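Below is one structure, written out as structure tokens; comments come after it.
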Amino acid sequence: QVQLVESGGDLVQAGGSLRLLCAASGSIREIRVMAWYRQAPEKSRELVASLTRGGVTNYTDSVKGRFTISRESTVSTVYLQMNSLKPEDTAIYYCAVRTTWSGVMEYWGKGTLVTVSS
């Protein structure tokens, strides 16, 4: 099993930056895909960015050019660097991973709140 703990959420002004951190523990060598999701108030959860063990990234259109997902080479720690933040980015951000090359995410963190003021 993999345990995930997010951190870095905060209140920030529009145009500012934040870096979210997801610390993984447990069977970290089995992780194949890492991802960040978010859920805004009264909206459904959406995929923000994903990263495979081989380094392939994927981003939702609304964050391309502004957000960057990355990981450490020796430890299964995933980051989400968020620049040029907009009020529309306000949401609870969740880290998720899976130990398969395809399928649904198996393990989830409890989330960290990002609030962007106008």
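The values are calculated or read from the model by the stated rules, or taken from the named source; none is laboratory data. Everything quoted here is computed from the prediction, not taken from an experiment. FYI the Cβ positions are ideal-geometry reconstructions off the backbone, even for glycines, and counts take in every protein chain you see. Please note that ligands, DNA and RNA were not included when accessible areas were found on the heavy atoms of the full protein model with its side chains. Shrake-Rupley method; radii C 1.70, N 1.55, O 1.52, S 1.80 Å.
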* Members of the stretch 1-16 found to be over 14 Å from GLU88 (Cα atoms) and not in a strand (DSSP E or B), listed by number -> GLN1, GLY8, GLY9, ASP10
* Asked: For the stretch 24-40, how many residues meet the condition of being assigned to a strand (DSSP E or B) and more than 17 Å from LEU113 (Cβ to Cβ)?
  -> 6
* To do: Could you run through the stretch 60-70 and say how many residues are in a strand (DSSP E or B) and of a type in the set (A, V, I, L, M)?
  => 1
* Structure fact -> Of the residues in the stretch 71-86, those that are touching a residue at least 40 places away in the same chain (Cβ under 8 Å) and either under 18 Å from GLN3 (Cβ atoms) or under 14 Å from the mean Cα position of the chain (by Cα) (or both) come to VAL75, SER76, THR77, VAL78, TYR79, LEU80, GLN81, MET82, ASN83
* Can you name the residue in the stretch 16-70 that is under 11 Å from the mean Cα position of the chain (by Cα) and of a type in the set (Lys, Arg) and, of all such residues, is most open to solvent (accessible area, probe 1.4 Å)? -> ARG19
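Can you work out which of the residues in the stretch 71-90 that are part of a strand (DSSP E or B) and of a type in the set (S, T, N, Q) is most open to solvent (accessible area, probe 1.4 Å)?
Filtering the stretch 71-90 for residues that are part of a strand (DSSP E or B) and of a type in the set (S, T, N, Q), the one most open to solvent (accessible area, probe 1.4 Å) comes out as GLN81.
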* Kindly list, by first and then second residue, each pair from a residue in the stretch 106-118 that is modelled with pLDDT of 95 or more and of a type in the set (A, V, I, L, M) to a residue that is open to solvent by 90 Å² or more (accessible area, probe 1.4 Å) and in a strand (DSSP E or B), limited to pairs with Cβ atoms under 9 Å and residues at least 6 apart or on different chains. => LEU113/LEU11; VAL114/LEU11; VAL116/LEU11; VAL116/GLN13
* **Residue count, the stretch 91-118 (criterion: over 18 Å from ILE31 (Cα atoms), assigned to a loop (DSSP other than H, G, I, E, B) and open to solvent by less than 50 Å² (accessible area, probe 1.4 Å))** => 1
